[in-house]
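First comes the structure, then the notes that go with it.
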Amino acid sequence: MSLIPVEEALRRILEGVDPLGAEAVPLGEANGRSLAENLSALRQQPPFAASAMDGYAVRSAEAHTAGARLRVQGESLAGHGFHGTLDPGAAVRIFTGAPIPEGADSILIQENADRDGNDIVVREPVEAGKFVRRAGLDFETGQVLLEAPRRLDYRAVALAASMGYASLPVRRKPVVAVVPTGDELVLPGMEPGPDQIVASNQVGVCAIAEAHGARALDLGIAQDTLDALATKIRQALDQQADILVTLGGASVGEHDLVQEALGIEGMALGFWRIAMRPGKPLMFGRIGRMRVLGLPGNPVSSLVCSRLFLAPLILTLLGLPHGSALKTRRAVLGLAMTANDRRQDYVRTTLVETEEGETVAHPYSVQDSSMLERFTNADGLIVRAPFAEALDVGALVDYLPLP
């Protein structure tokens, strides 16, 4: 099977993907979720004309000249309004957020009034409507304020609460089952044997999945046997995973059994091997409704592939546009780069902002896909097309930010 371009691989992974069904969740659990339906306001806000400042509710016609004297008739507080009509020649002491009394049309702020016993004296005239928040100023009943699809954040959930919602319709979280594979792996915190290493990829892949709105399930290490791999695959199916991510064991060695095990369990292979670096041996297929991503075992490869393919797949299942996960920015090259080969390259780089506001990229000289420390300290990935020409210092490059 020949190498396929990155864009074609993503197209095949996302082909035929429909958003997951909706569920209602309490408002307090909706942050970060994907809104499934448009939301219309169940009420108007504010529900009544309210004061924007502390001061006195007045008729502007009676407070349009300095020195005018008005009698204080009562007071209006937030939650405890003045119930009655403002008398001629009177004012009502009022506080921010309190209802405007019937008959008043403006607020004389307290800095512009002098208190004299039960009277006030206007220091500066007030205009009609000044410091009055009219009913419905923010929004009206029935107005569509939140449109699906969108990722809900702190602003959106606060708005939904103000609109009158106690629960929200959101897309079900995609379930992502993650299985690191290999006899050489031990769990973090364990002491590796003479020929073993600590498994780290699954932690990063689960974090990427959850950061993009999924629920990640770390199913634990599968040993290099068909029976062990079959057990993990069936666990993913039993957990009704939407996506199964395997880590390692999908290459061409005689001990790389992942693809064979998946085939035995009924996987229809979509493709295997991509024209990219790092991440060439990536595999994609399906077992029924469950999509399968077989990622390389090298740490950087698995995390880059998760960013490029797993994240867009999760976003698509949530009904969200996936372009945000792949949006590049522009930088000036700070070190020369040699010509590229037939694989699309994702080059780890640090970024420096100059005093002139220019972003300068300094790619690492060594790009080995096992070097997790450099990937962790990189600010972005310079994206180089297949057969890209050599670049000198000062050339413009596109990079994918690494948050």
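The values are calculated or read from the model by the stated rules, or taken from the named source; none is laboratory data. Since the structure is predicted, the reported quantities are computational estimates derived from the model, not experimental observations. Positions of Cβ are backbone-derived with ideal geometry, glycine not excepted, and every protein chain shown enters the neighbour counts.
Within the range 96-198, which strands (runs of 3 or more DSSP E) (wholly inside it) include 2 or more residues that are under 40 Å from the mean Cα position of the chain (by Cα) and farther than 24 Å from Met53 by Cβ? Full working, then the answer.
On the way: elements: 106-109, 113-116, 119-122, 144-146, 167-171, 175-180.
Ranges flagged: 144-146, 167-171, 175-180.
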Kindly evaluate Gly129 against the criterion of being touching a residue at least 60 places away in the same chain (Cβ under 8 Å) and in contact with a strand residue (DSSP E or B) (Cβ under 8 Å, 6 or more places away or on another chain). yes
How about the range 10-80: which strands (runs of 3 or more DSSP E) wholly inside it have at least 2 residues that are closer than 30 Å to Phe284 by Cβ? 22-26
Flagged in the range 297-330 as modelled with pLDDT of 95 or more, among the small types (Gly, Ala, Ser) and surrounded by 24 or more Cβ atoms within 10 Å (Cβ to Cβ), in numbering order, are Ser301, Ser302, Ser306
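Given the structure, is Asp114 closer than 17 Å to Asn31 by Cα, among the charged types (D, E, K, R) and out of contact with any Leu (no Cβ under 9 Å at 6 or more places or on another chain)?
Working: closer than 17 Å to Asn31 by Cα: no; among the charged types (D, E, K, R): yes; out of contact with any Leu (no Cβ under 9 Å at 6 or more places or on another chain): yes.
Answer is no for this residue.
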Only one of Leu372, Leu351, Leu333 is within 25 Å of the chain's Cα centre (by Cα) and crowded, with 18+ Cβ neighbours inside 10 Å, namely Leu351
From the set of residues in the range 105-134 that are surrounded by fewer than 16 Cβ atoms within 10 Å (Cβ to Cβ) and small (Gly, Ala, Ser), which is farthest from Thr65 (Cα to Cα)? Gly117
Check on Ile233, out of contact with any strand residue (DSSP E or B) (no Cβ under 6 Å at 6 or more places or on another chain) and buried (at least 24 other Cβ atoms within 10 Å of the Cβ): yes
When the range 383-401 is checked residue by residue, the ones that are more than 17 Å from Val6 (Cβ to Cβ) and among the hydrophobic types (A, V, I, L, M, F, W, C) are Ala390, Leu391, Val393, Ala395, Leu396
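Hey, could you check the range 386-403 for residues that are assigned to a loop (DSSP other than H, G, I, E, B) and charged (D, E, K, R) and say which is surrounded by the most Cβ atoms within 10 Å (Cβ to Cβ)? Explain how you work it out, then say what you get.
The initial filter retains those residues of the range 386-403 that are assigned to a loop (DSSP other than H, G, I, E, B), namely 386-390, 392-395, 402-403.
Restricting the remaining residues to those that are charged (D, E, K, R) gives 389, 392.
Details: Glu389: 11, Asp392: 9.
This residue is Glu389.
With respect to Ala50, determine if the residue is under 27 Å from Leu137 (Cβ atoms), buried (at least 19 other Cβ atoms within 10 Å of the Cβ), more than 45 Å from the chain's Cα centre (by Cα) and touching a residue at least 40 places away in the same chain (Cβ under 8 Å). Spell out how you get there, then give the answer.
Details: under 27 Å from Leu137 (Cβ atoms): yes; buried (at least 19 other Cβ atoms within 10 Å of the Cβ): yes; more than 45 Å from the chain's Cα centre (by Cα): no; touching a residue at least 40 places away in the same chain (Cβ under 8 Å): yes.
So Ala50 fails the test.
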List, please: which pairs have Cβ atoms under 6 Å, are six or more places apart or on different chains, and start with a residue in the range 304-324 that is closer than 15 Å to Gly16 by Cβ and end with one that is of a type outside the set (Lys, Arg) and assigned to a helix (DSSP H, G or I)? Pro312/Ala325; Leu313/Ile13; Thr316/Leu14; His322/Pro312; His322/Leu315; His322/Thr316
